[in-house]
Amino acid sequence: MDTRNPSNVGALKRLRGEGGTASFQLVVLLVPVVFGLMGFAVDLGRMYSARNDLKIAANSIAQAAAVQLAGTAASIENATTAGMYAVSTTNGRGNMYDFGGLAVGESSANLNSEPPVMAFFDTVASAIGTDGASGGEAGAATARHVKVTVRGEAPLVFWRFLSLAQEGRLNLVSEAVAGVSSPVCQACGIEPMGVQAISQEDTVDFGFTIGSRYTLGYLCDGGPPPGALANTLQRVPYVLLNKYNEGAQILAEEHTQLYRIGAMGLPANTDSNFSCVRYNAEELIWTSAAPLNCNQNRVNTQITTYLCGLASRFDNGTVPAVCNAVPETDTVLGSATVDTDITDVDDYTAYIGNRRRVITVPIIDTASTATMIVLGFRQFLLEPNANDVTINASDANGRIAALYLGTVMPVRAGRIDGCTLATGPGKVVLHK
C-alpha cells in the first residue's frame with residue numbers, strides 16, 4: 001500500500017482502529033476466564049492441601065492406635081485413647097488441617113470436622129474390606145489392625161459461585177489402615193535374653209505353653225541346677241547376648257548399659273549389631289556374663305545389674321541396694337517409666353498396664369558359651385516374685401518369673417525382609 005496516497009493512509013488508520021477495538025474486546029472476554037482459572041487453581045490447591053492434612057491425621061491416628069493392640073481386654077480402649085491423642089490440641093502437637101488452622105474433630109464458625117472413627121479387625125483383609133462377609137470387627141483380645149476414617153470440610157472461595165458448591169465448602173473423607181505386619185526377621189529394641197527353646201521341633205511355641213508361668217534362670221555349669229521359683233512350671237535357662245557397645249559416647253560404662261537395657265530394652269543405634277537381633281543369625285554370650293558353676297549359687301554382677309534394670313519396670317523410684325554402685329542410674333530412670341499394672345496376673349487378657357512388663361526375647365537353640373542360633377522371637381509378661389510387688393534383682397541364680405504369651409503385640413522396630421517366618425511378632429505398618 002502506498003502510504004503517500006492520502007486515501008491509503010485513511011484506510012490504514014481505520015484498520016488499526018478496528019484491530020485495537022478487537023483486542024480490547026478479546027481482553028474483556030478473557031478476564032472472567034482468567035479469573036475462573038485462578039479461582040479453580042486456588043480452590044483446588046486448598047482442597048488438596050486439606051485432604052492431605054486429613055490423610056496425615058488418619059495415618060497418625062491409625063499408627064498410634066495400632067501400637068496399643070496388645071491382646072488384652074483393655075487394648076481397644078487404650079488404642080482409642082492413643083489414637084485420639086494424635087489429634088488432641090491440648091498437647092500442642094495434635095494434627096490439624098487447612099494450613100494448621102482447624103483441629104480435626106472440631107468445628108469452626110464456617111467449617112465442620114467430625115471426630116475420627118476407629119474400627120478394629122483381626123486381619124488386614126477384614127480392615128480394608130477384601131474378604132467379603134468375613135470382615136466383621138474384632139474383639140479387644142484379638143484385634144491386630146485398625147481402620148480410621150476422618151471427615152472434614154475444605155473451604156471454597158471461587159467455586160461457591162457454582163451451583164454445586166454454593167455453601168462454600170466441600171466434604172472430604174480420608175481413611176487409613178494400620179496394624180501388625182508379618183513376622184519380623186530382625187527385631188530391634190527388644191531384650192537380649194537368649195531363652196533356650198524347650199523343644200526345637202515345636203516351631204510355633206518352642207515347647208512353651210501359652211498362659212503358663214516359667215522360671216527364666218541364668219545358665220550355670222555342672223549340677224545340680226537351681227530349682228524353679230514358686231508358682232512356676234519349670235526352670236528354663238537363658239543367657240545375655242553380647243550387645244555391649246564399647247564405643248558408646250553416652251552411658252558408656254558396661255554396668256550402666258546393662259542397667260539401661262534391662263530397664264528399656266536395646267537402645268537405638270545406627271549399627272544394628274548393637275540394637276537388633278536377627279532370626280537364624282549366630283549370637284555370642286555377653287563376654288563378662290559367662291555362666292558360673294551351679295554349685296557356687298551365684299551369678300556374675302553383670303546379670304544382677306541387668307535384673308536391677310528389669311526391676312525398675314515395677315518401681316523406677318528405687319534402685320535395689322545390690323545395684324547402688326551402678327553409675328548413672330538416675331539418668332536411666334529419668335527416661336524410663338514404670339508399668340501401670342504391677343499386679344500378679346494369671347490371665348494375660350486381664351492385664352491393664354502400659355506393656356512395660358511385656359518383654360520380647362530371642363529364642364535360641366541352646367544356651368551356652370559358644371555360638372547360639374536364633375530360632376525366632378517370643379514374648380513373656382514379667383511377674384513379681386511370690387508375695388512381692390517386684391522381681392528379686394539379687395536372686396543368687398538370676399531367676400525371674402514370666403508368663404508365656406507367644407506373640408501378642410508388635411515390636412518397636414524391625415525388618416521384615418530376608419526370611420519367611422510363619423510365626424512371631426511383627427511391627428506396626430500402614431496398609432492403606
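Any idea which residue in segment 107-125 is farthest from residue 140 (Cα to Cα), counting only those that are in contact (Cβ under 8 Å) with a residue 12 or more places away in the chain, out of contact with any Pro (no Cβ under 7 Å at 6 or more places or on another chain) and outside any strand (DSSP E or B)?
The extreme case among them is 112.
Which residues, taken from segment 216-238, are of a type in the set (A, V, I, L, M, F, W, C) and crowded, with 17+ Cβ neighbours inside 10 Å?
216, 219, 220, 228, 229, 236
Just for segment 350-368: of the residues that are β-branched (Val, Ile, Thr) and over 20 Å from the mean Cα position of the chain (by Cα), which one is nearest to residue 412 (Cα to Cα)?
Once the filter is applied, the top-ranked residue is 363.
Please determine, by comparing only the residues of segment 169-189 that are closer than 27 Å to residue 272 by Cβ and touching a Leu at 6+ places or on another chain (Cβ under 6 Å), which one is surrounded by the most Cβ atoms within 10 Å (Cβ to Cβ).
Out of the qualifying residues, it is 178.
Could you grab me the full set of residues in segment 277-331 that are surrounded by 17 or more Cβ atoms within 10 Å (Cβ to Cβ), among the acidic types (Asp, Glu) and part of a helix (DSSP H, G or I)?
None; the set is empty.
Can you name the residue in segment 190-210 that is out of contact with any strand residue (DSSP E or B) (no Cβ under 7 Å at 6 or more places or on another chain) and not β-branched (Val, Ile, Thr) and is also surrounded by the fewest Cβ atoms within 10 Å (Cβ to Cβ) among such residues?
Here the residue is 201.
Got a number for residues in segment 109-133 being among the small types (Gly, Ala, Ser) and either surrounded by 12 or more Cβ atoms within 10 Å (Cβ to Cβ) or at pLDDT 80 or above (or both)?
Within segment 109-133, residues that are among the small types (Gly, Ala, Ser) and either surrounded by 12 or more Cβ atoms within 10 Å (Cβ to Cβ) or at pLDDT 80 or above (or both) number 6.
Each row is one residue, and each column tells you yes or no for (1) among the hydroxyl-bearing types (Ser, Thr, Tyr); (2) under 18 Å from residue 196 (Cβ atoms).
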| site | (1), (2) |
| --- | --- |
| 238 | yes, yes |
| 244 | yes, no |
| 255 | no, no |
| 274 | no, no |
| 283 | no, yes |
| 311 | no, no |
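Report every pair of residues separated by at least 6 positions or lying on different chains whose Cβ atoms are under 8 Å apart, first residue within segment 49-67 and closer than 19 Å to residue 89 by Cβ, second at pLDDT below 90 and in a helix (DSSP H, G or I).
Correct list of pairs: 64/85.
Can you go through 141, 176 and tell me which one is in a strand (DSSP E or B), in the same structural domain as residue 78 (by TED's automatic domain parsing) and closer than 30 Å to residue 422 by Cβ?
Going through 141, 176 in turn, just one is in a strand (DSSP E or B), in the same structural domain as residue 78 (by TED's automatic domain parsing) and closer than 30 Å to residue 422 by Cβ: 176.
Give me a count of the residues in segment 179-201 that are among the acidic types (Asp, Glu) and either in contact with a Cys (Cβ under 7 Å, 6 or more places away or on another chain) or assigned to a strand (DSSP E or B) (or both).
Residues that pass the stated criteria total 0.
Could you list all residues from segment 210-259 that are assigned to a loop (DSSP other than H, G, I, E, B), of a type in the set (Val, Ile, Thr) and under 27 Å from the mean Cα position of the chain (by Cα)?
Selection gives 210, 250.
Give the residues of segment 79-91 that are without any contact (Cβ under 8 Å) to a residue 24 or more places away in the chain and either β-branched (Val, Ile, Thr) or not in a loop (DSSP other than H, G, I, E, B) (or both), sorted by residue number.
81, 82, 85, 89, 90
Say whether the condition of being in contact (Cβ under 8 Å) with a residue 12 or more places away in the chain, of a type in the set (Phe, Trp, Tyr), more than 16 Å from residue 258 (Cβ to Cβ) and in contact with a Ser or Thr (Cβ under 9 Å, 6 or more places away or on another chain) is met by at least one residue in segment 270-285.
No - not one qualifying residue is present in segment 270-285.
The values are calculated or read from the model by the stated rules, or taken from the named source; none is laboratory data. None of the values given here were measured: they were computed from a predicted structure. Here Cβ is always computed from backbone atoms with ideal geometry, including for glycine, and neighbour counts include all displayed protein chains.
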